[in-house]
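The values are calculated or read from the model by the stated rules, or taken from the named source; none is laboratory data. Just so it is clear, the model here is predicted, and its values are computed rather than measured. All Cβ positions, even for glycine, are placed from backbone atoms using ideal geometry, and neighbour counts span all protein chains on display. All accessible areas refer to the heavy atoms of the entire protein, side chains included, with ligands and DNA or RNA removed. Shrake-Rupley method; radii C 1.70, N 1.55, O 1.52, S 1.80 Å.
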Amino acid sequence: MMDPVRRTILTTGAAATAVAAAPSVFAQTGGAAMSFYEKGAVRIAYQETGSGFPLLLIAGGGLNSSISNLTGNSPFNPIAEFKREYRCIASDLRNAAGGQSTGPLEIDRPWDAYCDDQIGLMDHLGIGKFMVLGFCIGGPFIWNLLKRAPDRIAAAVLAQPSGSRPEMRDLFYDNNMKGWGPELVKRRPGITMETVDKFLTKMYRTNPDFVFTVTRDFVRNCQTPVLILPDDIPAHPYKVAMEVARLAPNAEVTIYPWKDSQEHIDEVVEHARRFLKAHEPIKA
């Protein structure tokens, strides 16, 4: 079992301007209103719960990441845990099965297209600075957010982060070609498996290393506080999570293992709560 390690933090921030509001519609899901943010051909379904400093939540489930995964398939429900302290914002990933978000497959920039949606949603809501907590694929997404908008993110929690295993380089490509791709083609007749192959090749095979979206040098120089909740299944390699924790100058690590009992899950949630509170910007 690993003791948490707290290191010095240093962040700088600058608010970003909001963009014009897009049309919204509402549907009742799980007691919270579902709204939609639209930009061009992209339509993102999102949900807000609670109040306080903004906390962007990214569900696990790979390319089928959706709000329902936060409440039904995660080791803990971050909306229920943090809605009393934070303005929790969650969305369905573009083209996730079971979700309501849609958009084109941008085969030349898959990771950045998803990042556009996440940053665009925060712009749409008029949010400059925020914190983020993500499961699974949320790990690579968070690193891309830190690369694209470093001054906007006060702190990040990476739970069960995805990473690349040298011995299983095509794990994510193969899983999505068998699962996500065929279902998407059924729903979207204009998309072919050839397009899916090109999209997934760019996403997972062009640079099949580390955390996919950033380099080790980037992590080594990233000053944003990060909390790592390590896991160790094929898609969530413990070795990569711990390498990130060693490289990032302002990193903390929770206990491991932590999903083996409710007591350990509760301990990790409380660690995340302390971490977020410690790095929440102080109002002037």
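State to the nearest 20 debye the size of the charge dipole of the chain about its Cα centre, where the only charges are +1 on K and R beta carbons and -1 on D and E beta carbons.
Details: 31 positive and 31 negative charges, 101 e Å.
Its charge dipole is roughly 480 debye.
Out of the total accessible area of segment 177-216 (probe 1.4 Å, heavy atoms of protein only), what percent is carbon and sulfur?
Within segment 177-216, the accessible surface is 54 percent carbon and sulfur.
Which of the three applies to segment 204-284, rounded, prolate or oblate, going by the alpha-carbon gyration tensor with a ≥ b ≥ c and a/c under 1.5 meaning rounded? Please list the in-between numbers first.
Numbers: a/c = 2.51, a/b = 1.16, b/c = 2.16.
Oblate shape, in that a/c is at least 1.5 and b/c is the bigger or equal ratio.
Is the shape of segment 90-226 best called rounded, prolate or oblate, per the rule: a/c under 1.5 gives rounded, else a/b larger than b/c gives prolate, else oblate, with a ≥ b ≥ c the square roots of the Cα gyration tensor eigenvalues?
On the way: a/c = 2.11, a/b = 1.31, b/c = 1.62.
It comes out oblate by the Cα gyration axes.
What order, most packed first, do the peptides 241-251, 255-265 have when packing is the mean number of other Cβ atoms within 10 Å of each residue? Before the final figure, lay out each step's value.
On the way: 241-251: 19.4, 255-265: 14.3.
Result, highest mean first: 241-251, 255-265.
Using Cα centres only, tell me the gap between segment 56-119 and segment 170-212 in whole Å.
Distance between centres, Cα-based: 18 Å.
Taking the Cα centre of segment 30-137 as origin and charging only Cβ (+1 Lys, Arg; -1 Asp, Glu), how large is the dipole, in debye to the nearest 20?
Details: 8 positive and 11 negative charges, 52 e Å.
Roughly 240 debye for segment 30-137.
For each pair in Lys147/Lys283; Lys39/Lys277; Lys83/Lys198; Lys147/Lys198; Lys39/Lys198, compute the distance between the two Cα atoms and list the pairs where it is over 31 Å.
Working: Lys147/Lys283 25 Å; Lys39/Lys277 33 Å; Lys83/Lys198 39 Å; Lys147/Lys198 24 Å; Lys39/Lys198 24 Å.
In this structure, Lys39/Lys277; Lys83/Lys198 lie more than 31 Å apart at Cα.
Using a 10 Å cut-off on Cβ atoms, rank the peptides 89-102, 116-129 from the highest mean neighbour count down. Spell out each step's value before the answer.
Values: 89-102: 22.1, 116-129: 19.6.
Top of the packing list down: 89-102, 116-129.
With the Cα gyration tensor of segment 34-150 giving a ≥ b ≥ c as the square roots of its eigenvalues, does the rule (a/c under 1.5 for rounded; else a/b larger than b/c for prolate; else oblate) give rounded, prolate or oblate? Walk me through the numbers before you get to the answer.
Details: a/c = 1.43, a/b = 1.26, b/c = 1.14.
Rounded, since a/c falls under 1.5.
Expressed as a whole number of Å, what is the distance separating the alpha-carbon centroids of segment 258-275 and segment 147-162?
Between the Cα centres of segment 147-162 and segment 258-275 lies a distance of 19 Å.
For segment 79-175, what % of the accessible area comes from carbon and sulfur atoms, probe 1.4 Å? Present the calculation step by step, with values, prior to reporting the outcome.
Details: 1300 of 2810 Å².
That share works out to 46 percent.
Hey, can you find the accessible area per residue of segment 92-163 for me, probe 1.4 Å, expressed in square angstrom?
Values: 1570 Å² over 72 residues.
I get 22 Å² per residue for this part.
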